[in-house]
Amino acid sequence: MSDAAPKDMPPPTGSKGQDPPDRRTRALRLAAALACSACMVLGSPDYDLWWLGFVGWIFWLAAIEGLRPRHAFWLGWLTGTLTVFWGFLWLTELLLRFADFPMWATLLVHLLFAAFQGLQWAIPAALVNWLRRRTGRDVLLLAPLCWVAGEAVLPHIFPSYLALMWAWQPLWLQVAEIGGVTTVGLVQLLINAGLYVTIRDRLRGGGLNKRALAVGLGTLVATPIYGAVRMAQLDAIMAASPKVKVGVVQGNFGITEWAQSRLKHEILRKLQSESARLEREGGAELLLWGETAYPFSYTLPRGPGQDLPDKHPRKIRREFTAPLIFGAVTADRKVSRFAFNTARVLERDGSLGDLYDKVFPLWFGEYVPLVDPEWYLEMVPSASHINPGPGPAALTADVGGAEYRFGPLICYEDILPRFGRGVAGEGIHAFVNLTNDSWFGKSKEQYQHMGLAVLRTIENRRALLRSVNAGVSAYIDPAGRVVQQIDSTNPDDEGPLPASGFVAEVPMIDPEYRTLYTRFGEWFNALVILSLAGLAIRGRRS
């Protein structure tokens, strides 16, 4: 059966010479857009109705198909804006608590953010309908390609790849090693488009579209089979790899607590005490603290140096002996008056080892584009401005006489696929993520953040260890399984909390091991975009 438009398909609504769609049709399209938005949000990690990923785009296709491109754009934009406004509502917590915005301004900023991110639904919707008219091809082919192209090309403030819906279902994510996170998007759209076209043609009296059914069900069956095979192979690789016992410390302190000078010594003491417990009771051979967990800014040198003397109240290591990877605020006044968000190694002998500076500061929180940072800091005192680091790097730590290379990702760098690939390309044994999500209170953000980070482990087949100051801290293995985790806390509201932690036995994957994505990067996305360009140039087929 051809994938061209069925002969009995009605002409696009709203086109020249056609009567505008009736009120009932418009209401059905709007209802389908709202249903799509609900599926996207309820399928995210915090609600975890992950199976909605099999049907969510059916409603999107029902809403937009047959419309003129500009009409499809607006309906797609509405779908995306509602999805992001609802799904990312935790952003308002940040603006209310730390920027002191009034409620109306908070909602306005959040709406503008949602409208921008909503282009991820709008532009593919318009492109599908434009190519539909130009080429005569069906959505069975066009929708998956256009969605992947949109995820690959459109800019994000916060990445919102819809692979997030399957974050806790590693069986369905293993294809990410082929072409990155957008490969999962292709799988999702193939299933949804196949089922949509099958239902659509059946309802129109066109009989059973065997090709569409084969595409939908074939992808539905083949994807978990591929996942099971690859996870079994990864288990064998992990079993044969050397292991390091890594102690992950969650300090359980908030933004307000960290900012109070009188509490900084207590934060450091909690980190030290929990580190000692993990080494003593769990045999930790390497320890990990979170982003800026060392609470005394500008205390440590950026060059070679040693831990502070025993009698110094800001000494890093007390009670434990294992090497440590930790976050701190550092500065070099000869370079800039602004600081660096730094990850550093403290070796067993007390020397300060490798250093990494965060490359991607968080927009509007750590960096503001286009305007004078001095002016912005006066307007939003709770914000900061940091110098970006030069690029991906590896932190080398001596563990039991063997040197291992760890790929540092600070804050939301663990949700940036291309940057994660660049870090993996540095020849690392595992990822370490140092994060502070306390800005968002105890909200859905923490689990959405970790859900997106899961994909880095599969794309590059490296374990990920996350130390998050107030959670969610976790160990995610190279197959994307969340093996251990500590739930999020909200010390700023709940009061002082003791630190917590766990020890994970982590496989040190051969630094020479490369997935297709690690080797070839964006080739998959490039092929998709070239395919769409080829279809557009060729035009309507005979």
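The values are calculated or read from the model by the stated rules, or taken from the named source; none is laboratory data. Bear in mind the structure is a predicted one, so any value in this text is a computation, not a measurement. As a convention, Cβ positions derive from the backbone with ideal geometry for all residues, glycine included, and neighbour counts pool all protein chains shown. Side chains included, ligands, DNA and RNA excluded: accessible areas come from the protein's heavy atoms. Shrake-Rupley method; radii C 1.70, N 1.55, O 1.52, S 1.80 Å.
For the stretch 74-89, indicate whether the set of residues that are at pLDDT 95 or above, surrounded by fewer than 18 Cβ atoms within 10 Å (Cβ to Cβ) and on the phi < 0 side of the Ramachandran plot is non-empty. For the stretch 74-89, residues at pLDDT 95 or above, surrounded by fewer than 18 Cβ atoms within 10 Å (Cβ to Cβ) and on the phi < 0 side of the Ramachandran plot: present.
Just to verify a result, which residue in the stretch 245-266, among those that are aliphatic (A, V, I, L, M) and buried (at least 23 other Cβ atoms within 10 Å of the Cβ), is nearest to Glu505 (Cα to Cα)?
Going through the stretch 245-266, the residues aliphatic (A, V, I, L, M) turn out to be 246, 248-249, 255, 259, 263.
From what is left, the residues that are buried (at least 23 other Cβ atoms within 10 Å of the Cβ) are 246, 248-249.
Working: Val246: 6, Val248: 11, Val249: 15 Å.
Step by step, filter the stretch 245-266, then rank; the result is Val246.
Restricted to the stretch 319-354, and to residues that are out of contact with any Leu (no Cβ under 8 Å at 6 or more places or on another chain) and not in a loop (DSSP other than H, G, I, E, B), which residue is surrounded by the most Cβ atoms within 10 Å (Cβ to Cβ)?
Of the stretch 319-354, the ones out of contact with any Leu (no Cβ under 8 Å at 6 or more places or on another chain) are 319, 321, 329, 331-341, 347-351.
The next check asks that each one be not in a loop (DSSP other than H, G, I, E, B); those that pass are 329, 339-341, 351.
On the way: Val329: 19, Ala339: 20, Phe340: 21, Asn341: 27, Ser351: 13.
Ranking the candidates gives Asn341 first.
The numbered conditions (1) surrounded by 18 or more Cβ atoms within 10 Å (Cβ to Cβ); (2) touching a residue at least 40 places away in the same chain (Cβ under 8 Å); (3) touching a Ser or Thr at 6+ places or on another chain (Cβ under 7 Å); (4) within 30 Å of Glu279 (Cα to Cα) are all true for Val472 except (2).
Condition first: open to solvent by less than 10 Å² (accessible area, probe 1.4 Å), at pLDDT 95 or above, in contact with a Leu (Cβ under 8 Å, 6 or more places away or on another chain) and over 23 Å from Leu91 (Cβ atoms). Can you find one or more residues in the stretch 432-442 that meet it? The answer is yes; a qualifying residue exists. Just one of the listed residues (Val184, Val229) is open to solvent by 60 Å² or more (accessible area, probe 1.4 Å) and under 25 Å from Ala453 (Cβ atoms), namely Val229. The one condition from (1) of a type in the set (D, E, K, R); (2) in a helix (DSSP H, G or I); (3) closer than 26 Å to Ala322 by Cβ; (4) open to solvent by 60 Å² or more (accessible area, probe 1.4 Å) that Glu274 does not meet is (4). Scanning the stretch 377-403 for residues that are without any contact (Cβ under 8 Å) to a residue 40 or more places away in the chain and open to solvent by 30 Å² or more (accessible area, probe 1.4 Å) gives Leu377, Glu378, Met379, Pro381, Pro388, Pro390, Pro392, Gly401, Glu403. Look at Ala474 and say whether it is assigned to a strand (DSSP E or B), within 17 Å of Asn252 (Cα to Cα) and small (Gly, Ala, Ser). Yes, satisfied. Only a single item in (1) open to solvent by 10 Å² or more (accessible area, probe 1.4 Å); (2) out of contact with any Phe, Trp or Tyr (no Cβ under 9 Å at 6 or more places or on another chain); (3) in a helix (DSSP H, G or I) is not met by Gly207, and it is number (3).
Within the stretch 34-57, the set of residues being of a type outside the set (Phe, Trp, Tyr), open to solvent by less than 30 Å² (accessible area, probe 1.4 Å) and in contact (Cβ under 8 Å) with a residue 40 or more places away in the chain comprises Cys36, Ser37, Met40, Val41, Gly43, Ser44, Pro45, Leu52, Gly53, Gly56.
Quick check on Ile237: is it touching a residue at least 12 places away in the same chain (Cβ under 8 Å), farther than 29 Å from Arg481 by Cα and out of contact with any Gly (no Cβ under 6 Å at 6 or more places or on another chain)?
No: the conditions fail for Ile237.
Within the stretch 128-146, being closer than 23 Å to Phe524 by Cβ and small (Gly, Ala, Ser) holds for one residue alone: Ala143.
Looking at Ile199, is it modelled with pLDDT of 95 or more, farther than 19 Å from Tyr475 by Cβ and open to solvent by less than 50 Å² (accessible area, probe 1.4 Å)? No.
Taken as a whole, the structure places Ala126 among residues that are surrounded by 20 or more Cβ atoms within 10 Å (Cβ to Cβ), on the phi < 0 side of the Ramachandran plot and either touching a residue at least 24 places away in the same chain (Cβ under 8 Å) or among the acidic types (Asp, Glu) (or both).
Filter the stretch 405-437 for residues that are on the phi > 0 side of the Ramachandran plot and outside any helix (DSSP H, G or I) and give the result. Across the stretch 405-437, the qualifying residue is only Gly427. Filtered by the rule that a residue be more than 30 Å from Ala430 (Cα to Cα), aliphatic (A, V, I, L, M) and assigned to a loop (DSSP other than H, G, I, E, B), the stretch 365-393 gives Val368, Leu370, Val371, Val380, Ala383. Under the condition of being crowded, with 22+ Cβ neighbours inside 10 Å and among the small types (Gly, Ala, Ser), the residues counted in the stretch 92-123 number 2.
Being in contact with a Pro (Cβ under 9 Å, 6 or more places away or on another chain) and assigned to a loop (DSSP other than H, G, I, E, B) is the filter here; which residues of the stretch 477-511 pass it?
Filtering the stretch 477-511 for residues in contact with a Pro (Cβ under 9 Å, 6 or more places away or on another chain) gives 477-482, 497, 507-509.
Across the stretch 477-511, the qualifying residues are Asp477, Pro478, Ala479, Gly480, Arg481, Leu497, Met508, Ile509.
Contact map, the stretch 207-226: first residue under 21 Å from Val184 (Cβ atoms), second residue of a type in the set (Phe, Trp, Tyr), Cβ cut-off under 6 Å, separation 6 or more or different chains; pairs are Thr223/Trp172.
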